[in-house]
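Accompanying notes for the structure given below.
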Ligand SMILES: *Cc1c(COP(=O)(O)O)cnc(C)c1O
């Protein structure tokens, strides 16, 4: 079959067989290595999305491959009636990296949403009858299950699924808004330290420190969603650590498994004593295979100095992107290797499509923001390749928009 006919057939299969919860798939990928992907026609792409901040070590990293195959050949699953060595090792490792001290505890699930569901139940256990209120931020993202959707302050996402789980109130991401909303009937505040899905939007400087003080004063838990920002991505193991605070709980997923599905709730201090036998659980959660792989991924991030690399390469990329001479690029947001490239016009979809034609995978976090979240392993070679492809991409979109023409002749249509 010709490459073109083959290309048609996978799109037909996808359109016929997959639930229509997402738009058309952009490509059919068949293999990956390091920061590169290949599609069915064997075209090579530079992957600067990392499966949305997931493939921390890139694709087919030997440490990942070795951990999967060794553990698969040893022991995969026994249920949570039993413990396994990889599970205990990962719990201890996460406590150490998060800095919980002795009193920390870890609950394992299989995704970010499951980690946040556990955090939601933690908030209810803390709140009981006296504290029915839970605060979360407008425009933050916490997941797609009914509980985590209730925490996600985006009307258009909630609208088709009303009524929501009750008790959640949304506030602006300012200290003033938090101060006004907090009282002694609040069980918890959920914070996304950099709003990834909203377009890589940073919190105001000092917000987390103020949130820690205010929530403590009112006896509310501070729960930090580190699902996108954790595992070294921002240049710290976890984004909250840059602010020098101690939260009551954090949630992690995405990057900790390097592509293997796993999520976790990590509790600090008194919050560690809220769950009791029978209050929560997951059949798959924390199985030996998932935890062995995550343990190996985190071990490699630590040993290879990839947290420092994320900080360094993030700075390097930010400086280079800001220096690109294009009327489309107006600046960068985010930290480390979670970067939002702000565009001067709402053409992010067109930029993503043009990038793919040039062999570059990036993402439109919203109409005016390109999100990049490459593997933490990237170096000069990948950065140079990115800059070349991204500059070509911008030229293509500028040409399509006739950006060098007088404004009056600029068409409103953008390429698909
Ligand atoms: C991706 C994400 C989630 C949801 O994780 P899933 O694994 O998709 O369920 C929750 N919170 C944040 C901040 C995320 O980026």
(message) Go through segment 249-306 and report how many residues are surrounded by fewer than 24 Cβ atoms within 10 Å (Cβ to Cβ), within 15 Å of residue 67 (Cβ to Cβ) and within 16 Å of the ligand (Cβ to nearest atom).
(response) 3
(message) Among the residues that make up segment 210-222, is at least one of them within 11 Å of the ligand (Cβ to nearest atom) and at pLDDT 95 or above?
(response) no
(request) Would you list the helices (runs of 4 or more DSSP H) that sit entirely within segment 135-225 and hold 2 or more residues that are surrounded by 22 or more Cβ atoms within 10 Å (Cβ to Cβ)? (result) 146-151, 207-217
(request) Taking residue 66 as the residue in question, decide whether it is in contact with a strand residue (DSSP E or B) (Cβ under 9 Å, 6 or more places away or on another chain), more than 16 Å from the ligand (Cβ to nearest atom) and at pLDDT 95 or above. (result) no
(request) For residue 181, state whether it is free of Cβ contacts under 8 Å to residues at least 60 places away in the same chain and either within 16 Å of the ligand (Cβ to nearest atom) or in contact with a strand residue (DSSP E or B) (Cβ under 8 Å, 6 or more places away or on another chain) (or both). (result) yes
(request) Please specify each residue of segment 269-287 satisfying the condition of being in a loop (DSSP other than H, G, I, E, B) and farther than 17 Å from residue 88 by Cα. (result) 274, 275, 276, 277, 278, 279, 280
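Yes or no, residue by residue, for (1) modelled with pLDDT of 90 or more; (2) surrounded by fewer than 16 Cβ atoms within 10 Å (Cβ to Cβ):
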| position | (1), (2) |
| --- | --- |
| 22 | no, yes |
| 33 | yes, yes |
| 36 | yes, no |
| 46 | yes, no |
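Residues checked against (1) farther than 22 Å from residue 207 by Cβ; (2) away from the ligand (no atom under 12 Å from the Cβ); (3) in contact with a strand residue (DSSP E or B) (Cβ under 7 Å, 6 or more places away or on another chain):
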| residue | (1), (2), (3) |
| --- | --- |
| 79 | yes, yes, no |
| 84 | yes, yes, no |
| 95 | yes, yes, yes |
| 105 | yes, yes, yes |
| 121 | yes, yes, no |
| 136 | no, no, yes |
| 142 | no, no, yes |
(request) Quick one: count up the residues across segment 223-248 that are more than 16 Å from the ligand (Cβ to nearest atom) and over 14 Å from residue 307 (Cβ atoms). (result) 5
(request) Tell me the strands (runs of 3 or more DSSP E) entirely within segment 19-131 that contain at least 3 residues that are touching a helix residue (DSSP H, G or I) at 6+ places or on another chain (Cβ under 9 Å). (result) 105-109
(message) residue 260 - would you say it is part of a loop (DSSP other than H, G, I, E, B) and within 13 Å of residue 118 (Cα to Cα)?
(response) no
(request) Within segment 208-232, count every residue that is over 16 Å from residue 271 (Cα atoms) and within 16 Å of the chain's Cα centre (by Cα). (result) 7
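The values are calculated or read from the model by the stated rules, or taken from the named source; none is laboratory data. Note that the structure is predicted; figures quoted are calculated from it, not measured. Neighbour counts are summed over all protein chains in view; Cβ atoms, including those assigned to glycine, are modelled from backbone coordinates with ideal geometry.
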